[in-house]
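Notes follow once the structure below has been shown.
The values are calculated or read from the model by the stated rules, or taken from the named source; none is laboratory data. Fair warning: this is a prediction, and the values are worked out from it, not measured in the lab. Here Cβ is always computed from backbone atoms with ideal geometry, including for glycine, and neighbour counts include all displayed protein chains.
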């Protein structure tokens, strides 16, 4: 049988010198006995998957509210896709897949109902109480709010996973700020960040077409789409559009991943990166797209923002989402007795406003809509 020590030896012999090895982790806030057959990062991944916050992602918005269709992506499916992309890239670069997967699976734990619209609403409502930002909330969840163990609050994840969750937040909660001379997180965390962007753009493109918010005429003005569609038209003339859509999106993802892999390898070589410490202290972020593909990806982002995220149907949904969260938050603030007793009594978790924010941000789209109805409808249901 394989032991943890065997896996750590395998990492040391097969991973690149600039990859983060689980046996070299800076550890956990609360010391624990190591597991017999799981590495530190494998253990972190498993803890994340078993959280309530991770399960709730199934009913949290990617772009479309959960009830608009069974085929649109949610934050859960998005997180799984990010993890898959991150693992693929890390494997090809001889990086630690388990670390990248842990970061990828946890990166959206702090997103409130209705996605980034919900984040904007909560940040406005909390402007006099420290604000709200979903990366910081993800950190708060894994360090404090999840109750799983009698010995400590939170999940007691390794320093490296916490580092990846923080992304670029510049505050005392970011582990990077405590290390002198450190500018960037591990290469695995950087890759997970890029994987998030790749999955977000490509899969929102897919959902936008499925929802009829985007049409072929618009798409053919986007370089990434046009180049990949032209390639398939030459190889498969007369291909069914639904099938072609899947193949073009797949091809776009492959192009972005391949370029990221190649450009990152060039940066590693040109900056003579030979250790994790050199990744963190490098003059620039080592993970990167090449210049040409970076411009294409930027064009795709602008296209999605203009034609999909700013579409009247999406804006209408966002408007209703804002009214829902405004109403719920203000009702709790005016009448705290509406809150669950566990939230009211948990004063060690912060001010009343912060506890309301924690509670509301943890809601799913479905729960938030039902709670708003219960609070403001004469038809009482509990």
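Checking each residue in the range 160-185 for being at pLDDT 70 or above and part of a helix (DSSP H, G or I) picks out 160, 161, 162, 163, 164, 165, 166.
Among residues of the range 349-362 that are without any contact (Cβ under 8 Å) to a residue 24 or more places away in the chain and at positive phi, those with a Cβ under 9 angstrom from a residue that is in a helix (DSSP H, G or I) and buried (at least 24 other Cβ atoms within 10 Å of the Cβ), sequence gap 6+ or separate chain, pair up as 350/357. Taking the range 286-382 as the region of interest, the helices (runs of 4 or more DSSP H) fully inside it that hold 1 or more residues being more than 30 Å from residue 249 (Cβ to Cβ) are 312-334, 341-345, 352-361, 365-376. Applying the criterion of being touching a strand residue (DSSP E or B) at 6+ places or on another chain (Cβ under 8 Å) and not in a helix (DSSP H, G or I) to the residues of the range 109-159, the residue that is farthest from residue 204 (Cα to Cα) is 156.
For residue 30, state whether it is touching a residue at least 60 places away in the same chain (Cβ under 8 Å) and either surrounded by 15 or more Cβ atoms within 10 Å (Cβ to Cβ) or not in a helix (DSSP H, G or I) (or both). Judged against the criteria, residue 30 is a match. On the basis of being in a helix (DSSP H, G or I), closer than 29 Å to residue 31 by Cβ and modelled with pLDDT of 90 or more, does residue 188 make the cut? For residue 188, the condition - in a helix (DSSP H, G or I), closer than 29 Å to residue 31 by Cβ and modelled with pLDDT of 90 or more - is met. Considering the range 41-65, and only residues there that are touching a strand residue (DSSP E or B) at 6+ places or on another chain (Cβ under 9 Å) and within 19 Å of residue 153 (Cβ to Cβ), the residue that is surrounded by the most Cβ atoms within 10 Å (Cβ to Cβ) turns out to be 44. Here the condition is being within 20 Å of residue 91 (Cα to Cα), touching a residue at least 60 places away in the same chain (Cβ under 8 Å) and assigned to a helix (DSSP H, G or I); of 11, 58, it holds for 11 alone. For the range 313-332, filtering for residues that are surrounded by fewer than 17 Cβ atoms within 10 Å (Cβ to Cβ) and in contact with a helix residue (DSSP H, G or I) (Cβ under 6 Å, 6 or more places away or on another chain) leaves 2. Residues in the range 86-96 that are assigned to a helix (DSSP H, G or I), over 12 Å from the mean Cα position of the chain (by Cα) and either in contact (Cβ under 8 Å) with a residue 40 or more places away in the chain or within 30 Å of residue 314 (Cβ to Cβ) (or both): 88, 89, 90, 92.
What about residue 310, is it surrounded by fewer than 20 Cβ atoms within 10 Å (Cβ to Cβ), free of Cβ contacts under 8 Å to residues at least 12 places away in the same chain and under 26 Å from residue 57 (Cβ atoms)? Against the criterion (surrounded by fewer than 20 Cβ atoms within 10 Å (Cβ to Cβ), free of Cβ contacts under 8 Å to residues at least 12 places away in the same chain and under 26 Å from residue 57 (Cβ atoms)), residue 310 qualifies. Mind checking whether some residue in the range 70-81 is more than 19 Å from the chain's Cα centre (by Cα) and surrounded by fewer than 14 Cβ atoms within 10 Å (Cβ to Cβ)? Yes, the range 70-81 has at least one match.
Which of the residues belonging to the range 214-252 are in a loop (DSSP other than H, G, I, E, B) and loosely packed, with under 14 Cβ neighbours inside 10 Å? Those that are in a loop (DSSP other than H, G, I, E, B) and loosely packed, with under 14 Cβ neighbours inside 10 Å: 215, 220, 221, 236, 237, 238, 240.
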